[in-house]
Amino acid sequence: MTGAPMARPWRLRAALAAAAIAMTCFAATVSKAQEWRGWNIHPPDYPVSRGMERFGELVAQRTNNRIRLKTYHSAQLGQQDEAIQQMRLGSIDFAEFNLSPLNNLAPLTQVPTLPFLFRSVEHLHTVMDGPVGDEIAKQLEGVGIVPLAWYDAGARSMYTRRLVAKPEDLRGMKIRVQTSDLWIDLIRALGANPTPLPFGEVYTSLQSGVIDGAENNWPSYESTRHFEVARYFATTEHSNVPEILAVSRTRWQRLSAADKELVKAAARESAQMQRQLWAERERVSRERVIAGGAQVTEITDKGPWQAAMAPVYAKYAADPTVASLVQRIRETR
Ligand code: GTR
């Protein structure tokens, strides 16, 4: 009898304290749970899109759904230039970007965009997964875009409404480019007129004759159905500009060191998958466009095309930092 009145307040206090701790833990878990908005330009079955989905699965699995990723495919959140701005402002959390529209913002991205630089896909992977890739990534981080992994985008070639077999055939043609000074100069060096346009406007512009051609890899030529309106594909393979899977610096800075490691590892694993899917899709897309009526001109001698690029190197590799990176890339075995 005597102990009971004493025990009750003690038990009550202990129970209240336990409840308070449980509430705090619950609140902490809830507040840490986050959903990231992801931007992607491609349709859901594209290798980039499947890589991004894999990235999301791995992050969700490894954080027990504490970090969930939702990718909006097919440029639902805007065209690439807008998405870059949104990511810098933190309203898009992750995205997959081609480096070309980042060329003006982070000039080191011009290096892997340069024409006829990489000898093979293996050469590209060794360079981008190594210290040169890290230096370029560091500059991007400085402008608010933190690269996590390099995705493949194959070789870009010219496709036009009229047959093109040699550089002179492009003379006077209007060729669509991405928003990048380097690309404008590259197309000018071929004697053509560069016309910057968002990806999503290329089909109708080709159809209506606003432009005479564009340039891209096999999978994009196929997925956009550009082959229906620009039937002549010349395998110039003039640039192997790669792509990044990246997170906004705003998100990145809020992550713990352990989460940063986890997110990066998931991105790199997704890149391994994306690269395999990419190689397969390049082959399939090529077959599909030929079946759909594309006329392929094999450019076996790239010499004249490479020679035409001299002014591009003279201008962009004049910068000592760019020149030294170009040299390191050439020396990478
Ligand atoms: C694709 C690339 C896109 C975009 C597009 C374009 O190959 O994957 O990110 O850069 O080309 O030409 O706009």
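The values are calculated or read from the model by the stated rules, or taken from the named source; none is laboratory data. Note that the structure is a prediction, hence the values are computed from the model and not measured. All Cβ positions, even for glycine, are placed from backbone atoms using ideal geometry, and neighbour counts span all protein chains on display. In case anyone asks, the SASA skips ligands and DNA or RNA and just uses the protein heavy atoms, side chains included. Shrake-Rupley method; radii C 1.70, N 1.55, O 1.52, S 1.80 Å.
Seen from a random direction on average, the alpha-carbon convex hull of the chain projects onto 20.7 square nanometres.
For the chain, the longest principal axis of the C-alpha atoms and the axis of helix 47-62 are separated by about 10°.
Expressed in units of 2.2 N^0.38 Å, where N is the residue count, the Cα radius of gyration of the range 278-322 is 1.80. If both residues of a DSSP beta bridge must be in the chain, then about 55% of such bridges are antiparallel. Working from Cα pairs under 8 Å separated by at least six residues, relative contact order for the chain is 23 percent. Name the residue farthest towards the positive end of the dipole of the chain from the options Ile290, Ala95, Pro167, assuming +1 on Cβ of Lys and Arg, -1 on Cβ of Asp and Glu, about the Cα centre. Final value for the positive-end residue is Ala95.
Can you give the local net charge around Thr235? Use residues other than it whose beta-carbon is closer than 15 angstrom to its beta-carbon, Lys and Arg +1, Asp and Glu -1.
-2
The share of accessible area on the chain that comes from carbon and sulfur is 54 percent, using a 1.4 angstrom probe.
According to the Cα-based calculation, Rg over Rh for the range 96-209 is 1.00, with Rh computed by the Kirkwood formula.
Calculated accessible area for the chain comes out at 46 Å² per residue, all protein chains present (probe 1.4 Å; ligands, DNA, RNA ignored). For Tyr72, the shell of other residues with beta-carbons less than 13 Å away shows a net charge of -3, using +1 for Lys and Arg and -1 for Asp and Glu. Once the Cα atoms are used to define both axes, helix 257-291 deviates from the longest principal axis of the chain by about 30 degrees. Averaging the Cα positions of each part gives two centres, and for the range 263-290 and the range 101-130 these lie 18 Å apart. Net charge in the neighbourhood of Met173 (other residues with Cβ under 15 Å of its Cβ; Lys, Arg +1, Asp, Glu -1) is +4. Between the helical axis of 3-32 and the dominant principal axis of the chain, each derived from Cα atoms, what acute angle in degrees is found, rounded to the nearest 10? Compared with the principal axis, the helix lies near 0 degrees.
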